[in-house]
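Working notes, beginning with the structure itself.
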Amino acid sequence: MRLTITEECRYVRTPDNRFWVTFGTDYALWSRYLEAFDEVRVVARARDVAEIPPNALRVDGDRVTVAPIPYYQGPRQYVQQMPRIDRAVRRIAADAEAVLLRTPSTIATHMHRHITRRGLPYAMEVIGDPYAVFAPGVVEHPLRPFLRAWTTRNLKRQCESAVAVSYETSRTLQARYPTRPGALSTGISSVNLPPAAYVQEPRTHRPPSGSVTLMSVGSLEQLYKGIDTLIEAISLLGPSTPAVRHVHVGPGRYQPALEELATRLGVRDRVTFAGWIPTVEALRHRLDSADLFVMPSRTEGLPRALIEAMARALPAIGSTAGGIPELLPPEMLFTAGDADDLARVLRRTLADREGMVAASRRNLAVAREFAEDRLVPRRTEFYRAARGLMSGRPRLPQPAAPAAESVRHENRPA
């Protein structure tokens, strides 16, 4: 059976008809589904380029193909291309055998419309929350209220009619986007870390009292990651807090505006924008050299960057957005978008040097729940069960405690 999957990542196609990505989902992710399906066809937008971009990874490969649809970026281009997009998705849906919608996704909404007309059962992976993505202060666009209502309604409807849904979180996304009674529903993170992602032992040393390095990771294409909130919080710390240096990893069009914000608040000399880190080894080295990881996001599913930092036994602070509270205890959380609250949590955390050692130990234990040897078998079992439900031959997975459930118990206050 061939599985058709919708994907929001933007690809490029070289003249040899091969597909590439510089930031997003590549062949390594799509090959996961081959444990349960014979072939995988990825439906995604793609544009033609003359040569392979620097640091690009291959998307298609053995038993994985890409079905490209017209390229667009942003709501305006989408509206301009919408008739062509819908025709392309309709052609792809016409011969689909099994469909998995990776959501939230505009492409998934088109696919959902056409496969439901055929009466074709489908499965889903919910990896984000459009209600949070289009919340006030997250996206600057005149159509933001409409987009929030439209995308949220679409995702609810899609979850309510799917035969099987896997959520990125253990409870957060499920509460807003429930399945219909009797549907297969589970919480399995898409993050699964290899052994090399982990340090062997938690940190036993306390951070230096003279200065502390904070680190954050994420795209700056939008203000989703809340780096402006972190910069504002740093400016509020005051002289009683150890000197703080902030390093952000990740490029994007909002970097100049964030640099201007740091200058205006008088902390430009304490904020470094490191840009894109080309190798995972270099990123791990950066994490190992930091004293505290900060995830100030306005919206999240279950953030891979935070889990990777925790796997390096790095103490961490996060916002209350999305699934972050499933990873960190209440004392390490602040209200999303609230710089004063983040400054308060930073002051308390940086003053408690023994507490940071304890946080290192706790974070490493939580991150081990996302090891590939724990998650891969559960994910494969879900795909096989979904295949059975989509083909009319149900095959229910063996009962197992979700990995995220274990995380929740680890974080329960003593």
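The values are calculated or read from the model by the stated rules, or taken from the named source; none is laboratory data. Since this is a predicted model, take the numbers as computed values, not measurements. Cβ atoms come from the backbone with ideal geometry, glycine included; neighbour counts cover every protein chain shown.
Residues Arg395, Arg378, Arg312: which one is at pLDDT 95 or above and more than 18 Å from the chain's Cα centre (by Cα)?
Arg312
Hey, among the residues in region 299-337 that are touching a helix residue (DSSP H, G or I) at 6+ places or on another chain (Cβ under 7 Å) and of a type in the set (D, E, K, R), which one's surrounded by the fewest Cβ atoms within 10 Å (Cβ to Cβ)?
Filtering region 299-337 for residues that are touching a helix residue (DSSP H, G or I) at 6+ places or on another chain (Cβ under 7 Å) and of a type in the set (D, E, K, R), the one surrounded by the fewest Cβ atoms within 10 Å (Cβ to Cβ) comes out as Glu326.
Could you please find all residues in region 152-172 being at pLDDT below 95 and within 15 Å of Ala123 (Cβ to Cβ)?
Glu168
Select from region 232-252 the residues that are under 22 Å from the mean Cα position of the chain (by Cα) and of a type in the set (A, V, I, L, M) and write down the one among them that is surrounded by the fewest Cβ atoms within 10 Å (Cβ to Cβ).
Val247
Suppose we keep only residues that are touching a helix residue (DSSP H, G or I) at 6+ places or on another chain (Cβ under 6 Å) and not in a strand (DSSP E or B) within region 103-128. Which one would you say is nearest to Gly323 (Cα to Cα)?
So the residue we want is Pro104.
Residues are listed down the side, and each one gets a yes or a no for (1) farther than 29 Å from Pro54 by Cβ; (2) among the hydroxyl-bearing types (Ser, Thr, Tyr); (3) at pLDDT 90 or above; (4) part of a loop (DSSP other than H, G, I, E, B):
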{"site": "Pro208", "(1), (2), (3), (4)": "yes, no, no, yes"}
{"site": "Met215", "(1), (2), (3), (4)": "no, no, yes, no"}
{"site": "Thr229", "(1), (2), (3), (4)": "yes, yes, yes, no"}
{"site": "His248", "(1), (2), (3), (4)": "no, no, yes, no"}
{"site": "Asp269", "(1), (2), (3), (4)": "yes, no, yes, no"}
{"site": "Phe273", "(1), (2), (3), (4)": "no, no, yes, no"}
{"site": "His285", "(1), (2), (3), (4)": "no, no, yes, no"}
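Enumerate the pairs (first residue in region 187-207 and within 15 Å of Ala309 (Cβ to Cβ); second residue anywhere and modelled with pLDDT of 95 or more and not in a loop (DSSP other than H, G, I, E, B)) with beta-carbon separation below 6 Å, excluding pairs fewer than 6 apart on the same chain, so at least 6 apart or on different chains.
Here the result reads Val191/Ile307; Leu193/Ala311; Ala197/Ala311; Tyr198/Ala311; Pro202/Ser360; Pro202/Arg361; Pro202/Leu364; Arg203/Ser360, each pair linking region 187-207 to a residue that is modelled with pLDDT of 95 or more and not in a loop (DSSP other than H, G, I, E, B).
If you go through region 29-47 one residue at a time, do you hit one that is exposed (fewer than 15 other Cβ atoms within 10 Å of the Cβ), touching a residue at least 60 places away in the same chain (Cβ under 8 Å) and closer than 25 Å to Thr380 by Cα?
The answer is yes; a qualifying residue exists.
Given the criterion touching a residue at least 60 places away in the same chain (Cβ under 8 Å) and in contact with a Leu (Cβ under 7 Å, 6 or more places away or on another chain), identify the matching residue among Arg347, Arg286, Arg304.
So the residue among Arg347, Arg286, Arg304 that is touching a residue at least 60 places away in the same chain (Cβ under 8 Å) and in contact with a Leu (Cβ under 7 Å, 6 or more places away or on another chain) is Arg347.
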